[in-house]
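Everything below concerns the one structure shown next.
The values are calculated or read from the model by the stated rules, or taken from the named source; none is laboratory data. These figures come from a predicted structure and were not determined experimentally. Cβ: placed from backbone, ideal geometry, glycine included. Neighbour counts: every protein chain shown. Heavy atoms of the whole protein, side chains included, go into the accessibility calculation; ligands, DNA and RNA do not. Shrake-Rupley method; radii C 1.70, N 1.55, O 1.52, S 1.80 Å.
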Amino acid sequence: MFTFESLLDAITVDVGREILNPATGELIGRVPEHTTADVDAAIARAKAAQPAWAALSDEERVDYLNRVADAIDENAEALAGILSREQGKPLNGPNARFEVGGCAAWTRVPAGTPLPVEVVVDDGETYAEMHYRPLGVVGAITPWNWPMMIAIWQSIPSLRMGNTVVSKPSEYTPLSGLAINHVLNTVLPEGVLNTVVGGGELGARIVESESIDKVMFTGSTKTGKKIIEASSGNVKRLTLELGGNDAGIVLDDVDPKAIAEGLFWGAFINTGQTCAALKRLYVPDSIYDEVVDALAEVAGNMPMGDGLDEQNVLGPLQNEMQFNVVARLVQAAKDANARVVLGGDPDQDAPGFFYPTTLIADIDPQNALVVEEQFGPALPIIRYTDLEEAIEQANALDVGLGGSVWSSDRDRAREVAARIQAGTVWINSHGTINPFVPFGGAKQSGYGQEFGVAGLKAVAQPQVIQG
Ligand code: NAD
């Protein structure tokens, strides 16, 4: 079992790139600076290990993965300590410990999900079965917002289906990627899961490699488009979980106080740095002020600060680049005379990339804070009078990851939900993912699904045996 110190010691080096705590600016540790030659070596190791891994029975791989989940649970506090210091998210609340718990859950569920051979036709004349074979080597490329859980979402189903993996964490959160994979590797056979740390050029090398059979990518739409182009050499399979700008539509029959906390966490989970967070909220004129007031009351009472302080449930932005995006978009709202209900005024002299919890009301639906992804703690609340117009605005963007409808009438909510162009539409919650339920984007939020049976099939080669 690792302590925070022994795990950090196992993954850091004496000479390497400095990783700083975004809450304090303090040095956490140094990580190796891998090169494209290291990527090639990692791919070669994965390729060499794949036949033996694929030759194991499904039961044997499931047994490995259940032991991996046990190892995550045993080392949960050490993992959460690294995650909180590096990513900034607090230990407490739906943050670091919650994310590590998610890593164990998203390991046990794919391990426990059967994927038997499917008999697709058996009519006396034709007999056809569908099998799901390994693809080979999967390249797994992650962002910095949920760096451990997303790594698990990519690697565990891949391993379950008999593939080996080359994992590349975001350059902003390499310690989190190294730490979770180190814990996995205390259980897995040598070469099955390989990690390289560095920037986009290492990701590009993975995507170009003809020894990589599938890329699981989570990150921005811009990088996703580059991956589509670069992956054509060997017709690589792709699962792309890309950016979003999720709309939430409140209907006029809700009790504002009853939904306020759900709205808050839908928008501000991980301090807003969540792909499928509520990023623009549409509220009817008839209850607009009540919803804004109820949300402001909840939001104003959520402590933000250093993640190691147990009382905090919101943290800093992970990096300066994202801090600047949020600051620019809130400034755009202020410049257009939108109403700042809460926050909007960061303390530039304080250490860390803290941007205060911000609610912006009476904002033009075309304002940059509405139509661009803020990926941080600033929620625009748009007033509407005609539900048709709100649905039209919700669908007006070229992304469609998630969406939500808030109503006390479930049937009415489901009718509106069916008209929202998004991979998932939640009713009376937002972003509440579940390892059994497939998740993926519509439009430029990507393609392919993760989780559940669909997620296992996505990292396998379907093969029909007929006759
Ligand atoms: P990003 O696209 O900048 O980086 C993601 C990863 O891609 C990093 O590991 C990076 O090094 C790598 N990369 C960069 N250039 C590459 C290239 N040419 N080829 C291969 N890999 C390359 O994204 P980010 O800023 O880390 O993440 C934030 C974005 O991710 C947001 O838009 C957010 O909405 C999205 N996101 C989506 C989901 C989802 O499930 N759909 C989940 C989390 C985040």
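Can you give the net charge of the other residues whose Cβ lies under 12 Å from the Cβ of residue 423, counting K and R as +1 and D and E as -1?
So the surrounding residues net to -2.
Computed with a 1.4 Å probe over protein heavy atoms only, the accessible surface of the chain comes to 39 Å² per residue.
Under the combined filter of DSSP loop state and at most 14 neighbouring Cβ atoms within 10 Å, region 101-134 retains these GluC sites (Glu not before Pro): 125. Quick one: which of 226/443; 226/334; 257/279; 225/334; 89/236; 168/226 span more than 25 angstrom between C-alpha atoms? Over 25 Å Cα-Cα: 226/334; 225/334; 89/236. Between the listed residues 54, 16, 37, the Cα displaced farthest toward the positive end of the dipole of region 12-64, a dipole computed from Cβ unit charges relative to the Cα centre, is found at 37. Amide hydrogen proximity for residue 382: with H placed 1.01 Å from N in the peptide plane, the residues at 5 or more positions away or on another chain lying under 5 Å are 281, 282, 283.
Along region 83-91 the Karplus relation, 6.51 cos²θ - 1.76 cosθ + 1.60 evaluated at θ = phi - 60°, assigns HN-Hα couplings of 4, 5, 5, 7, 7, x, 5, x, 4 Hz to successive residues, with x for each Gly and Pro.
Looking at region 248-329, the GluC sites (Glu not before Pro) that sit in a DSSP loop and have at most 16 other Cβ atoms within 10 Å of their own Cβ are 310.
For region 276-350, the pair-distance distribution built from all alpha carbon pairs, in bins 10 Å wide starting at 0, is 14, 41, 37, 8, 0 percent.
Of the GluC sites (Glu not before Pro) found in region 188-252, the ones in coil according to DSSP and having at most 14 other Cβ atoms within 10 Å of their Cβ are 190, 210.
When the helices of the chain are scored as -39500 (n - 2.57) per DSSP H run of n ≥ 4 and the total is divided over every residue, the value at 222 nm lands at -12500 deg cm²/dmol.
Surface composition of region 107-181: carbon and sulfur make up 54 percent of the accessible area, probe 1.4 Å. Rounded to the nearest 20 debye, the dipole size of region 1-115 about its Cα centre is 260 debye, using +1 on the Cβ of Lys and Arg and -1 on the Cβ of Asp and Glu.
Please say if region 316-378 is rounded, prolate or oblate, where rounded means a/c under 1.5 for a ≥ b ≥ c the square roots of the C-alpha gyration tensor eigenvalues, and otherwise the choice is prolate for a/b larger than b/c and oblate otherwise? Judged from the Cα gyration tensor, region 316-378 comes out prolate (a/c at least 1.5, a/b above b/c).
Just the projected area, averaged over all directions, of the convex hull on the alpha carbon atoms of the chain: how many nm²? The partial results should precede the final answer.
On the way: hull surface 92.0 nm².
Answer in nm², one decimal: 23.0.
In order along region 114-120, phi translates into HN-Hα couplings of x, 10, x, 4, 9, 8, 8 Hz, rounded to whole numbers, per the Karplus curve 6.51 cos²θ - 1.76 cosθ + 1.60 with θ = phi - 60° and x for Gly and Pro.
Taking all protein chains as present, what is the carbon and sulfur share of the accessible area of region 280-432, in % to the nearest whole number, probe 1.4 Å? Percent of accessible area from carbon and sulfur atoms in region 280-432: 44. Under 5 Å from the amide H of residue 33 lie the amide H atoms of 17, each residue being 5 or more positions distant or on a separate chain, with H modelled from the backbone and absent for Pro and chain starts. Placing +1 on the Cβ of every Lys and Arg and -1 on the Cβ of every Asp and Glu, with nothing else charged, gives the chain a dipole about its Cα centre of roughly 1060 debye. Residues whose amide H comes within less than 5 Å of that of residue 408, counting only those at least five positions distant or on another chain, are 253, 254 (H built at 1.01 Å from N in the peptide plane).
Using a ≥ b ≥ c from the Cα gyration tensor of region 1-75 (square roots of the eigenvalues), is it rounded, prolate or oblate, where a/c under 1.5 gives rounded and otherwise the larger of a/b and b/c decides, a/b for prolate? Cα axes put region 1-75 in the oblate bin.
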